[in-house]
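The values are calculated or read from the model by the stated rules, or taken from the named source; none is laboratory data. This one's a predicted model, so the numbers in the text were calculated from it and none came from an experiment. Methodologically, a virtual Cβ is constructed for each residue, glycine included, from the backbone with ideal geometry; neighbour enumeration extends over all protein chains shown. Quick note on the areas: whole protein, heavy atoms, side chains included, nothing else; ligands and nucleic acids left out. Shrake-Rupley method; radii C 1.70, N 1.55, O 1.52, S 1.80 Å.
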Amino acid sequence: MPITRINHFEAKPGAEQSLYEFLQSVIATIENCSGCLGCQLLRSVDNPAIIVIVEQWVDVGAHQRAASAIPPEQLKAAFEFFAKPPSGSYYTDEN
């Protein structure tokens, strides 16, 4: 069953552009993972510190298998930009 994963990020004050650029740099990696149906990076109009990535996957397992596609050292370096830990949830239009 196809799923949508919505990931929420909040940048520290002064790190809004750095976080956005980091997330922008990983979009191609995500899109090239097996089972990815699409990926979109969005920034809040009202608050540039709030950023989301909306991903479509063939199933939850495909997303979970892709979690290691971004090198750990690259992820670790990005943590300096976060105001709080990222969060995310899975969604579907199936009942």
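Counting only heavy atoms of the protein chains, get the accessible area per residue of the chain (1.4 Å probe) and round it to a whole Å² value.
On a per-residue basis, 61 Å².
If you roll a 1.4 angstrom probe over the protein chains with everything in place, what fraction of the accessible area of the chain belongs to carbon and sulfur, to the nearest %? It would help to have the intermediate numbers written out before the result.
Details: 3090 of 5840 Å².
The computed percentage sits at 53.
Order ARG5, ARG43, ARG65 by their accessible area, 1.4 angstrom probe, all chains in place, largest first. Each step should come with its number before you reach the end.
Details: ARG5 40, ARG43 80, ARG65 165 Å².
Heavy-atom accessible area, descending, gives ARG65, ARG43, ARG5.
Please give the calculated 222 nm ellipticity per residue for the chain, where each DSSP H segment of at least 4 residues contributes -39500 (n - 2.57) and the sum is spread over every residue; nearest 500 deg cm²/dmol?
-9500 deg cm²/dmol
In degrees between 0 and 90, to the nearest 10, how far off the longest principal axis of the chain does helix 16-31 point, with axes built from Cα atoms?
20
Give, as a single signed number, the net charge of other residues whose beta carbon lies under 14 Å from the beta carbon of GLU31, with Lys and Arg counted +1 and Asp and Glu -1.
Result for the local shell: 0.
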